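What follows draws every value from the coordinates through simple rules; no lab data is involved. Since the model is a prediction, treat every value here as computed from it, not as a measurement. Don't worry about glycine lacking a Cβ; one is built from the backbone with ideal geometry, like all the others, and counts go over all protein chains shown.
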Amino acid sequence: MKKLFLLLLVIPFAASAQKDVLEFNDIIVEEQTKIGQRLIDFNYAVEAGTDTDMPLKLTLEQVKVSIAVVEKLSWQDGAALKKSALALFDFYKSIVSNEYKEMVSIINHPELSEGDITQLNELIASITEREEKLDADFAAEQEAFAKMNNFTLEENELQDELDKISE
């Protein structure tokens, strides 16, 4: 009977640990989704030709909040995933603070010149190139984390919308 009692104690602990692992991953994904939605909102404002100041400001605020949330997370085997998420979020903070502001400034010119369009395309290419590595690193860390903790990742519903923007 003593062995059965010990086994019963281990099973609830294992289930609790698995819940914590999933929660750790899900919080990071939720924060990434919040940032992604803000980036989409900003892109829609640009496409619609409406004021981009508020969407840009809200995006930067969300990135800062998301960084703070992820910085507080702690999981024994999650350091690499957390580090890669923070690297990606820091990248978002940087581009929203710099390149996106520069892009808005260019877009708001009364008449876009060939030079303006070239500059926009260069900014977009630079952002895309740098983001690809960070995305790949994050995806690899998330896959490794999921494999190590025996859970399956599902594609984020927002991904299709983000992919459309990239096209």
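Laid out as a table, the results:
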item	result
Likely footprinting exposure, R130, R38, fewest C-beta neighbours within 10 Å first	R130, R38
E122-D90 pseudo-label distance in nm [points 7 Å out on the Cα-to-Cβ vector]	2.6 nm
Low-density loop positions, GluC sites (Glu not before Pro), the stretch 61-115 - DSSP coil, at most 12 other Cβ in 10 Å	E111
Whole-Hz ³J(HN,Hα) from phi, Karplus 6.51 cos²θ - 1.76 cosθ + 1.60, for the stretch 28-37, glycine and proline x	4, 5, 4, 5, 4, 5, 4, 5, x, 5
Mean Cβ count within 10 Å, highest first, over the residues of peptides 45-52, 138-145	138-145, 45-52
For the stretch 51-66, Karplus couplings with θ = phi - 60° (6.51, -1.76, 1.60), whole Hz, Gly/Pro x	4, 9, 4, 5, x, 5, 5, 5, 5, 4, 4, 5, 4, 4, 5, 4
